[in-house]
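Participant: Could you have a look at this structure, given as C-alpha cells, before my questions?
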Amino acid sequence: MSESYTVVTFAYDEEKTIGGTIASILANCDQRLSKLIIVANGCSDRTVEVANQALKNAKADYLVIELSLGDKCNAWNQYVYHYLPEADVHFFVDSDVTFTKNAFPILFEQLLGSEGKNAVAGLPLTGRNIEQYEELTKLYSCLFGGLYGLTDDFVRRIVKNKTCLPIGLSWIDAQITKMVNDDLKDEKDDYQHRVTFVEGVGYEFESLKPWKIDDIQLYIDRICRYKTGQMQEPYLDALPYSEWPDTMENINREILNKGVKFASLGKVAPFRHKVLKRLNRKFSSLPRV
C-alpha cells in the first residue's frame, strides 16, 4: 500500500461550522488522503445535512456516520474500533476549526520522518490563550482536539490493548496525551516526549465573543467540562490503560460521594449545578464497543 492518511472529524450540533471545516480539510490535503470520515454524535440540528452537502463534490472517499449518543469518547471509540481505514497516519480534528495551508501532508511527512514518535500535533494559531497552548504543545507534548495525528501502529496497539476512552470522560485531550507519551504502557513509568510538530502548521478557530449569549454559554459549559475532567483525572491515572472502565459512572459516583464543595471549584463555583449534572449522568444501559 502506498503512503496514505485519513482524517476524521467529530461533530456535535456543528451545523454552523462543519461546512467550513470540511472545505478546509479538502483544500489542505493532497492525493494521499485515503478517506475522510465525519462522525456526527447526538446531533439534533442540520449537521449531517450540511456535511453531506459539503462533501457532494469531494474527490476523496468519504463516509458520514450518525451516532445517537452525544459523547465524543464514544464517537472516538466507535471510529477506532469499527471504522478505522487502512492508512499510515490517522488525523483527528474538531468540526469548528480550519487549517493552515497544506497542514495535513506537512504533518503527515513530519510524523513519518520522526523516529520514536506516536503523534504529531497541529499548533493552535488563534485564540486569547494561544501562547499558553503553544507552550503546552511544544514543551510538554500536549495534544488538543483541534488537530492531531496518530501513527497507524499506535492506534492498532490501542485496539489490541482493548483500551477505550471511558464514556462520560470530560478531559479527553489530556488522557490521549498521556496514552501517547506513556507509549500506552500500563506501568505509566516511561513518560517521554513522543509528539512532534511543525512550526506554524496547525489550526485556527473563531474566538468566543463575550457579548454573544451563545458564546457565553459555550464558555461556561467548557470551564465546567474542564473542571469535571480535573476531578476525574486522578482516578484514571491510578488505573492501567487496559483497565480503564467503559464509562465514568462509578468514578463519578465516587467523586459525588466524597462531596463537591464550592471551595474546590474556584471560578466554576457559581456553576456547581452544571458540574453536578455532568457527574450524575447515567451510562449503564449503553452498549459496549
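Participant: When you look at Asp30, is it in contact with a helix residue (DSSP H, G or I) (Cβ under 9 Å, 6 or more places away or on another chain), among the charged types (D, E, K, R), crowded, with 17+ Cβ neighbours inside 10 Å and in the same structural domain as Phe197 (by TED's automatic domain parsing), yes or no? Let's see the steps before the verdict.
Facilitator: Details: in contact with a helix residue (DSSP H, G or I) (Cβ under 9 Å, 6 or more places away or on another chain): yes; among the charged types (D, E, K, R): yes; crowded, with 17+ Cβ neighbours inside 10 Å: no; in the same structural domain as Phe197 (by TED's automatic domain parsing): yes.
When the stated conditions are applied, Asp30 does not pass them.
Participant: A follow-up question, please. List, please: which pairs have Cβ atoms under 8 Å, are six or more places apart or on different chains, and start with a residue in the stretch 27-41 that is at negative phi and end with one that is of a type in the set (Lys, Arg) and in a loop (DSSP other than H, G, I, E, B)?
Facilitator: The qualifying pairs are Asn28/Lys101.
Participant: Could you look through the stretch 192-249, keep only residues that are of a type in the set (Phe, Trp, Tyr) and at pLDDT below 95, and pick out the one that is surrounded by the fewest Cβ atoms within 10 Å (Cβ to Cβ)?
Facilitator: Across the stretch 192-249, the extreme among qualifying residues is Trp211.
Residues are listed down the side, and each one gets a yes or a no for (1) of a type in the set (D, E, K, R); (2) in a loop (DSSP other than H, G, I, E, B); (3) touching a residue at least 40 places away in the same chain (Cβ under 8 Å); (4) touching an Asp or Glu at 6+ places or on another chain (Cβ under 6 Å):
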| residue | (1), (2), (3), (4) |
| --- | --- |
| Arg157 | yes, no, no, no |
| Thr163 | no, yes, yes, no |
| Leu169 | no, yes, yes, no |
| Ala174 | no, no, yes, no |
| Met179 | no, no, yes, no |
| Asp186 | yes, yes, yes, no |
| His193 | no, yes, yes, no |
| Phe197 | no, no, yes, no |
| Gly200 | no, no, yes, no |
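Participant: Exactly one of these conditions fails for Lys261: (1) modelled with pLDDT of 95 or more; (2) surrounded by fewer than 10 Cβ atoms within 10 Å (Cβ to Cβ); (3) not polar (S, T, N, Q). Give me its number.
Facilitator: (1)
Participant: Test Phe104 against the stated conditions and say whether it is among the hydrophobic types (A, V, I, L, M, F, W, C) and in contact with a Ser or Thr (Cβ under 9 Å, 6 or more places away or on another chain).
Facilitator: no
Participant: Another one. Just give me the residues in the stretch 132-152 being under 24 Å from Asn28 (Cα atoms) and part of a helix (DSSP H, G or I), in sequence order.
Facilitator: Tyr133, Glu134, Thr137, Lys138, Asp152
Participant: What helices (runs of 4 or more DSSP H), lying completely within the stretch 1-118, carry at least 3 residues that are of a type in the set (A, V, I, L, M, F, W, C), at pLDDT 95 or above and more than 18 Å from Leu147 (Cα to Cα)?
Facilitator: So the answer is 47-54.
Participant: Taking into account only those residues within the stretch 139-178 that are aromatic (Phe, Trp, Tyr) and closer than 24 Å to Gly113 by Cβ, which is surrounded by the fewest Cβ atoms within 10 Å (Cβ to Cβ)?
Facilitator: Among residues in the stretch 139-178 that are aromatic (Phe, Trp, Tyr) and closer than 24 Å to Gly113 by Cβ, the one surrounded by the fewest Cβ atoms within 10 Å (Cβ to Cβ) is Tyr140.
Participant: Can you name the condition, by its number, that Ser4 falls short on among (1) within 17 Å of the chain's Cα centre (by Cα); (2) surrounded by fewer than 23 Cβ atoms within 10 Å (Cβ to Cβ)?
Facilitator: Unmet for Ser4, out of (1) within 17 Å of the chain's Cα centre (by Cα); (2) surrounded by fewer than 23 Cβ atoms within 10 Å (Cβ to Cβ): (1).
The values are calculated or read from the model by the stated rules, or taken from the named source; none is laboratory data. As the structure is a computational prediction, the values presented were derived from the model and not from experiment. Positions of Cβ are generated from backbone atoms using ideal geometry, with glycine treated the same way; all protein chains shown enter the neighbour counts.
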